[in-house]
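Enquirer: The structure follows.
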Amino acid sequence: MLNLLLFGPPGAGKGTQANLLIEKYNLMHLSTGDILRSEIAAGTSLGLKAKTLMDRGDLVPDEVVIGMISSKLDNNPSANGFIFDGFPRTTAQAEALDNMLAKKGTTIAGMLSLKVEDEELIRRLLSRGKDSGRADDQDESIIANRINEYNTKTAPLKEYYSAQNKLSEIEGDGTIEDISQKLYTVIDTL
Ligand code: AMP
């Protein structure tokens, strides 16, 4: 199995690159943000609870996203591997993921961390918000809160995976193709 973490702040291009990587390496894309948005669209009680937090740009509780990932892993036993996008976002989530994968006899091959300056993130998110209709992409104070959540709770995970020798940092500026080529080069060494 090839399990990859696509990491980086909101607006770094994780979703865009994940869509290219799943094609090239025949992997399954697991985005907790996408799963949460489909729960909201389906009007489930989980979706309703998560929406208030997501609209503010706050993280949803660890047990909610860990449960979602756990059932995706259980329901796809014959996958070639997974690309985790937007998960894990806290140390508790990273530890839970390591445990879930270990129980299945597999592990994370590498963390691919996209690096983009804050001003560029804000520009990209506001531009995406015009098309996507995502409330959390349309308001600069919500975007600032998401970047702050990333810096305080999520960015420390680089240390966590670096301690396991799994961290690769990739400049997330440039064209989509430039960035995907850099990702392929790293992945092909894993
Ligand atoms: P994203 O689509 O990854 O930008 O996520 C959108 C929102 O969903 C985030 O701002 C959080 O409110 C929530 N979310 C997505 N993934 C997670 C996660 N792994 N842990 C906590 N909250 C999450």
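Enquirer: In nm, to one decimal, how far is the modelled label at residue 135 from the one at residue 63, with both set 7 Å along Cα→Cβ?
Expert: 2.5
Enquirer: Counting only protein heavy atoms and using a 1.4 Å probe, what share of the accessible area of the chain belongs to carbon plus sulfur, as a whole percent?
Expert: The nonpolar share, carbon plus sulfur, comes to 49 percent.
Enquirer: Excluding ligands, DNA and RNA, what is the solvent-accessible area per residue of the chain at a probe of 1.4 Å, expressed in Å²?
Expert: Using a 1.4 Å probe on heavy atoms only, each residue of the chain averages 50 Å².
Enquirer: Assuming R0 = 22 Å, what is the FRET efficiency of residue 115 and residue 38, from their Cβ-Cβ distance, to the nearest 0.05?
Expert: It comes out at approximately 0.15.
Enquirer: Determine, from the Cβ-Cβ distance of residue 165 and residue 95 and an R0 of 22 Å, the FRET efficiency 1/(1 + (r/R0)^6), rounded to the nearest 0.05.
Expert: 0.80
Enquirer: Take the Cα gyration tensor of the range 39-137, multiply each eigenvalue by 5, square-root it, and list the three semi-axes largest first, rounded to whole angstrom.
Expert: Computed over the range 39-137, the values are 27, 19, 13 Å.
Enquirer: Normalise the Debye intensity by I(0) for the chain, one equal point scatterer per Cα, no solvent, then take log10 at q = 0.11, 0.14 Å⁻¹ and round to two decimals.
Expert: Computed log10 I(q)/I(0) values: -0.46, -0.78.
Enquirer: Please figure out what share of the DSSP beta bridges in the chain is antiparallel and state it in percent, rounded to the nearest 5.
Expert: If we restrict to bridges inside the chain, about 0 percent are antiparallel.
Enquirer: When a/c is below 1.5 the answer is rounded, else prolate if a/b is larger than b/c, else oblate, so apply that to the range 117-188 with a ≥ b ≥ c taken from the square roots of the Cα gyration tensor eigenvalues.
Expert: Since a/c reaches 1.5 but b/c is at least a/b, the shape of the range 117-188 is classed as oblate.
Enquirer: Taking K and R as +1 and D and E as -1, what net charge do the other residues with C-beta under 14 Å from the C-beta of residue 24 add up to?
Expert: Result for the neighbourhood of residue 24: -2.
Enquirer: Then there is this: If you take the beta carbon distance between residue 106 and residue 158 as r and set R0 to 22 Å, what does 1/(1 + (r/R0)^6) give as a FRET efficiency, to the nearest 0.05?
Expert: Efficiency computed from Cβ-Cβ geometry: 0.55.
Enquirer: Ok, one more. Exactly which GluC sites (Glu not before Pro) in the range 43-143 are in a DSSP loop and have at most 11 other Cβ atoms within 10 Å?
Expert: 117
Enquirer: List the relative contact order of the chain as a percent without decimals, with contacts defined as Cα pairs under 8 Å and 6+ residues apart.
Expert: 33
Enquirer: Which of 49/166; 49/104; 14/103; 49/72 have a Cα-Cα distance over 32 Å?
Expert: With Cα atoms farther than 32 Å apart: 49/166.
Enquirer: For n ≥ 4 DSSP H runs only, could you compute -39500 (n - 2.57) per run for the chain, divide by its residues and tell me the 222 nm figure to the nearest 500?
Expert: -17000 deg cm²/dmol
Enquirer: Also: Just by accessible area at a 1.4 angstrom probe, what is the order of 85, 34, 188, 62 from largest to smallest?
Expert: 188, 34, 62, 85
The values are calculated or read from the model by the stated rules, or taken from the named source; none is laboratory data. Keep in mind that what you see is a predicted model, and the values were worked out from it rather than measured. Quick reminder, even Gly has a Cβ in these numbers, built from the backbone with ideal geometry, and neighbours come from all protein chains shown. Remember, those area values only see protein heavy atoms, side chains included, never the ligands or the DNA or RNA. Shrake-Rupley method; radii C 1.70, N 1.55, O 1.52, S 1.80 Å.
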